[in-house]
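Shown next, in structure tokens, is the structure this report addresses.
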Amino acid sequence: MLRIPDTLPARPLAGYRILVGLVAGAKALELGVSPLLGTRAGPLFGVGPVLPAPVWLALGAVMGLAALALVVGWNARVAALVVGSCTAGFVWGAGYYSNHTYLLFTVAVLLSFTDSDAAWSVRSWRDQGTGRVWAAPVLVLRAQITIVYVYAALSKIRPDFLSGNGLASWAWDSVLVPSAVLIPLFLVPMAFGAVLAELFVAFGLWSSRLRPVAVVAGLGLHLGMIVMLSDGVHAAVELGLFATLTCGGYLLFVDRVPVVDGLTGPVVVPQQRRSEPALPSTVTRR
């Protein structure tokens with residue numbers, strides 16, 4: 001019977017908060033300066049006004065400050081919501097849509113409902129943190145990671161991709177893939193393997209027994225994406241940011257955190273009563 005926990009460890013969630021903040025900082029810089037570098041900024045679907053470049057530069061600055069607050073865990077709920085709102089502004093207002101930008105918007109908004117600054121944050125440094133957090137919003141974040149992989153797998157179940165043509169077209173301009181492997185003998189197994197790997201990662205992360213294998217499979221999957229699809233430095237960085245958001249989400253599936261002296265708080269030593277026998281470590285031999 002599936003048991004839904006009431007609370008989960010705070011540190012894995014805090015780790016993911018930091019990763020999301022780092023990705024948000026990188027995207028704030030990229031999106032904020034894109035209009036100045038010649039990338040046209042216009043509303044998605046052509047609905048809305050075309051705003052000048054300084055507006056997007058200012059929005060990027062706000063997003064960057066919120067990303068910094070998210071990394072250090074200062075007012076993390078508000079910071080996450082600001083990151084999500086700024087990302088939405090870039091997606092729908094400037095038309096800068098990509099899969100990982102949309103994912104950043106989604107996880108940032110979901111993070112705003114969590115107690116992500118309970119550990120590794122300004123709040124915890126002030127001894128106001130907690131060791132565990134409410135599980136419900138973390139489980140929703142887990143579900144979001146699963147949805148990413150399920151959607152990716154289902155979108156590939158079509159003849160064009162499973163025949164290897166999709167991979168061949170994507171990898172044709174890759175600077176890391178030799179042209180000798182772009183033949184059906186290699187591409188067809190890789191295509192089927194990608195679909196199976198994405199489905200396995202999507203559901204394997206939920207099983208404590210399968211989770212280690214799912215983590216390795218997921219890391220290998222994203223490394224393969226970077227190798228196959230990178231036609232330059234910019235594409236490699238973009239795929240790396242997407243991998244950070246998704247693979248970083250594996251932290252959310254950690255149910256238990258080992259207790260290490262000095263990291264989880266002061267160690268409480270029980271006092272021995274006179275009526276109790278001496279502890280084994282205190283018995284002396286004559």
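Data overview
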read-out: Note, ³J(HN,Hα) from phi for the stretch 3-10, Karplus 6.51, -1.76, 1.60, rounded to Hz, x at Gly and Pro; value: 10, 8, x, 7, 9, 9, x, 7
read-out: Kirkwood-Stokes translational diffusion coefficient of the stretch 1-83, alpha-carbon pairs, 20 °C, 1.002 mPa s, µm²/s; value: 147
read-out: ILE147 versus TRP125: modelled label distance in nm, points set 7 Å from Cα along the beta carbon direction; value: 3.4
read-out: Label point at LEU57 placed 7 Å out along Cα→Cβ; residues across the stretch 9-47 whose backbone nitrogen lies under 13 Å; value: 32-38
read-out: Magnitude of the charge dipole, the chain, Cβ model with Lys/Arg +1 and Asp/Glu -1, debye to 20; value: 1120
read-out: Given charges at beta-carbon only (K, R positive; D, E negative), |dipole| of the stretch 56-150 in Debye; value: 100
read-out: The chain - percent relative contact order, Cα under 8 Å, separation 6 or more; value: 20
read-out: Amide H partners (placed H, <5 Å) of ARG132, local residues excluded; value: ALA10
read-out: Compactness of the chain as Cα Rg over 2.2 N^0.38 Å, two decimals; value: 1.24
read-out: Extension reserve of the VAL237-SER163 stretch, reckoned as 0.36 nm per residue once the Cα distance is removed; value: 23.8 nm
read-out: Under 10 Å, Cβ to Cβ, from PRO9 - net charge with Lys/Arg +1 and Asp/Glu -1; value: +2
read-out: C-alpha center-to-center spacing [the stretch 58-137, the stretch 172-244] in angstrom; value: 27
read-out: For the stretch 139-208, alpha-carbon Rg over 2.2 N^0.38 Å; value: 1.28
read-out: Between helix 76-88 and the chain: long-axis angle, C-alpha atoms, 0 to 90°, nearest 10; value: 10
read-out: Kirkwood Rh, Cα atoms: Rg over Rh of the stretch 20-156; value: 1.03
read-out: Lys/Arg +1, Asp/Glu -1 at C-beta; the chain dipole; positive extreme among VAL213, ALA243, HIS100; value: VAL213
read-out: THR7 long-range amide H proximity, modeled H, under 5 Å; value: ALA135
read-out: Spacing of the two label points (7 Å from each Cα toward its C-beta) at LEU44 and VAL188, in nm; value: 3.8
read-out: J(HN,Hα) series, the stretch 13-18, from Karplus relation 6.51 cos²θ - 1.76 cosθ + 1.60, nearest Hz, glycine and proline x; value: 5, 5, x, 5, 4, 5
read-out: Projected label distance in nm at LEU196 and VAL257, using a 7 Å step from Cα toward the beta-carbon; value: 3.7
read-out: Amide proton proximity set for ALA94, modelled H, under 5 Å, gap of 5+; value: LEU44
read-out: Phi to ³J(HN,Hα) by Karplus 6.51 cos²θ - 1.76 cosθ + 1.60 over the stretch 217-232, Hz, x for Gly, Pro; value: 5, x, 5, x, 4, 6, 5, x, 4, 4, 5, 6, 9, 7, 9, x
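Every number in this text was worked out from the coordinates using simple rules, so none of it is lab data. Quick caveat, the model's predicted, so the values are computed rather than measured. So basically every Cβ, Gly included, is an ideal-geometry build from the backbone, and we count neighbours across all protein chains shown.
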